[in-house]
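A quick write-up on the structure given underneath.
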Amino acid sequence: MTSENQALLERFQTGKKLGLARAISLVENERPGFEAFLHSVLETPRFAKRLGLTGPPGAGKSSLVAALTRAYRDQSEEVAVVAVDPTSPYSGGALLGDRIRMNDLATDPGVFIRSMATRGSLGGLATTTKEVLDLMDAFGFHRVLVETVGVGQTELEITGAADTVVVILVPESGDAIQAMKAGLMEIADIFVVNKADRPGADRLVKDLRLALHLREGKALKDVPAHHGVDLKRMGVPEEEAEPDKGGSGQPRWEIPVLQTVAQTGEGVRELLDAVADHRSFLELSGGLAARRKARAAGRVREVVERELRRVSWAHAGVQEILEKGVVEIGAGRETPYSLAADIIAELMGPGTK
């Protein structure tokens, strides 16, 4: 580790928030030595309570994050916030700057807010967001909130970064079918209909609850489907199907559908209670350990893939094959697949083609 990064590590480990800010910049920009820095700070594992908030653009995610942050501060909790914004096509930086909408929180010494640009990532998070969350864990925050960019149907990476995922919709989002189509039913631990003072909020809540019951096969559990098929068991092997009554199957989390008005704070208390209930459920059911294990495995895969990309495209032999091969592709003597096989053989050695 360079002397500069070592000095930064010392500032970070002594709890200086300026050290955290600079460490985030080091990681976000993938400057030389950032992986060695991360290795050093993560040698002593810490686990913050991570809450992810996602949903379509205009759902009021930033306002709700601000309201939650104030509520946690009222409980004397220190809070770190990561707000992922669209990327400016000119500077490459965060385009919206959620810190503007949380301006009154920026001066609170118990709150740390960082905006990050997606930089082309399509999963709702910036490429290095998970590493920034690791830094906030290591820094000692007990509560970390991460808000996705709100890119519609692709913001599913949040499930690999947070312990609890809150999906935020608004009455204008349409019916619950849109949420199902976007895959949000699969990632939500809690649904929130924000801006619930607008017309259509009650209808959306009703539709979401019905959609959740249909997904579980509960809405029609007492009504046989066509030719007596039980919807709840559809696609489930008989030996794995849960009995309708009794039995000792694993407990299931009942996804709540809540209403909030972030601007006034209405419903925020109920949302905090739901987040706490989900945390308790995860701890008692073993789900929290399972999520952390899956998160760790995912992080290893991502680091390996990033290093393989870096090593591959920096390899002189690969560059030579690529430069010659694209000409051959244009002439119809090679294809992208045969060229890729040549590159893999160059990297891995003979016999891998």
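Please treat every number below as a calculation from the coordinates, not as lab data. None of the values given here were measured: they were computed from a predicted structure. So basically every Cβ, Gly included, is an ideal-geometry build from the backbone, and we count neighbours across all protein chains shown.
For Gln259, enumerate residues with amide H under 5 Å from its amide H, sequence gap 5+ or separate chain, H modeled in the peptide plane.
For Gln259, whose amide H was placed from the backbone, the distant partners under 5 Å are Val193.
For region 55-62, take each phi angle, set θ = phi - 60°, evaluate the Karplus expression 6.51 cos²θ - 1.76 cosθ + 1.60, and give the result in whole Hz per residue in order, putting x for glycine and proline.
x, x, x, x, 7, x, 4, 5
Relative to the present Cα-Cα distance, how much length would full extension add between Lys17 and Glu283 at 0.36 nm per residue of separation?
My answer for the length gained is 92.8 nm.
For the pair His315 and Arg333, how long in nm is the line joining their label points, each one 7 Å along Cα→Cβ?
That separation, rounded to one decimal, is 2.2 nm.
What residues qualify as long-range amide H neighbours of Lys49, i.e. H under 5 Å apart, gap of 5 or more or another chain, H built at 1.01 Å from N?
Arg143, Val144
Compute the separation of the alpha-carbon centres of region 1-76 and region 313-331 and state it in Å as a whole number.
40 Å
So who's got an amide H within less than 5 Å of the one on Ser115, skipping anything under 5 residues away but keeping other chains? H placed 1.01 Å off N, in plane.
Ala83
Tally Lys/Arg at +1 and Asp/Glu at -1 over every other residue whose Cβ is under 12 Å from the Cβ of Lys17; what's the total?
+2
Could you pull out the chymotrypsin sites (Phe, Trp or Tyr not before Pro) across region 1-57 that fall in loop regions by DSSP (anything but H, G, I, E, B) with no more than 13 other Cβ atoms inside 10 Å?
Phe47
In whole percent, what relative contact order does region 1-43 give with Cα contacts below 8 Å and a gap of six or more residues?
Computed over region 1-43, the figure is 42 percent.
What does the extension gain come out to for Lys293 and Glu305, with contour length at 0.36 nm per residue minus their alpha carbon separation?
Length gained between Lys293 and Glu305: 2.5 nm.
Could you give the size of the charge dipole of region 1-43 about its Cα centre, using +1 on the Cβ of each K and R and -1 on the Cβ of each D and E, expressed in debye and rounded to the nearest 20?
240 debye
Could you check the spin-label model distance between Asp202 and Leu347? Points 7 Å from the Cα along Cα→Cβ, value in nm.
Placing both labels 7 Å beyond Cα along the Cβ direction yields 5.8 nm.
Give the order of Lys16, Lys195 when sorted by the count of other beta carbons within 10 angstrom, beginning with the fewest.
Lys16, Lys195
Using a 7 Å offset from the Cα along the Cα-to-Cβ direction at both Leu322 and Glu216, what is the distance between the two label points in nm, to one decimal?
5.0 nm
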